[in-house]
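Reviewing the structure listed below.
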């Protein structure tokens, strides 16, 4: 009987460890670059932009720009008021991002007519038509090798870039004043977010890997597994109680 109780205790411990591990996994939701806005974006930074009456094509009128990061990548989301317009040849819409990654206007360069600020250290170009092309440039507009992923669907375009290509590391990743400039190449006025100054974009806290939220798939699969494990734990415990009662009689 002593051997049975050892097995029972071991089984209970294993079930509890698996349960804790699965709950931890469910809470660690990351950004998937697929053109779909997950609930994980709710924990990142956001800059909204008005629906300008002068921009007649809502597919190039930015509704908001969002950002977040983990220890490896920065993630950006661009959402337009209508399905985003990436066009076809020979018209090539694009988005420029100008980032003052060291938050110092005395270093870097400027981008006249595109970004309103000074001291930009990185320039990111997203260019249509789909499949989209992404290029990362330094302050001299020299291409920097970067690991990127981009996807677009409907009104959403998502982008990830490795932190190293942006010059971010554990000691240099704070405020990075940033401007976003979308040109639909359709004759509409260009959409500069924000219109008169830069976005106070911040990084450093790895929000993308610590959000306490579920996406639909993770919630269903993990939730079902948790129920099964709890039922298993209850069954094992119940068997133990019945065994003890039988032994008592």
> Of the residues in the range 119-147, how many are modelled with pLDDT under 95 and either over 22 Å from the mean Cα position of the chain (by Cα) or not assigned by TED's automatic domain parsing to the domain that holds residue 93 (or both)?
Replying inline: 1
> Which ones in the range 98-108 are in contact with a strand residue (DSSP E or B) (Cβ under 6 Å, 6 or more places away or on another chain) and on the phi < 0 side of the Ramachandran plot?
Replying inline: 98, 99, 100, 101
>> Exactly one of these conditions fails for residue 68: (1) in a loop (DSSP other than H, G, I, E, B); (2) modelled with pLDDT under 90; (3) under 24 Å from residue 177 (Cα atoms). Give me its number.
In response: (1)
> Just to be sure, is residue 115 more than 12 Å from residue 184 (Cα to Cα), in a strand (DSSP E or B) and either touching a residue at least 40 places away in the same chain (Cβ under 8 Å) or in contact with a helix residue (DSSP H, G or I) (Cβ under 8 Å, 6 or more places away or on another chain) (or both)?
Replying inline: no
> Restricting the search to the range 136-161, which residues are touching a strand residue (DSSP E or B) at 6+ places or on another chain (Cβ under 6 Å), over 20 Å from residue 102 (Cβ atoms) and either touching a residue at least 60 places away in the same chain (Cβ under 8 Å) or part of a loop (DSSP other than H, G, I, E, B) (or both)?
Replying inline: 147, 149, 150, 151, 155, 156, 157, 158, 159, 160
> Given the structure, is residue 49 surrounded by 13 or more Cβ atoms within 10 Å (Cβ to Cβ), under 19 Å from residue 194 (Cα atoms), at pLDDT 85 or above and out of contact with any strand residue (DSSP E or B) (no Cβ under 6 Å at 6 or more places or on another chain)?
Replying inline: no
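Residue-by-condition table, conditions (1) in contact (Cβ under 8 Å) with a residue 60 or more places away in the chain; (2) closer than 27 Å to residue 138 by Cα; (3) buried (at least 21 other Cβ atoms within 10 Å of the Cβ):
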site: 53; (1), (2), (3): no, no, no
site: 64; (1), (2), (3): no, yes, no
site: 75; (1), (2), (3): yes, yes, yes
site: 93; (1), (2), (3): yes, yes, yes
site: 109; (1), (2), (3): no, yes, no
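The values are calculated or read from the model by the stated rules, or taken from the named source; none is laboratory data. The structure displayed is predicted, hence computed values, not measured ones. Don't worry about glycine lacking a Cβ; one is built from the backbone with ideal geometry, like all the others, and counts go over all protein chains shown.
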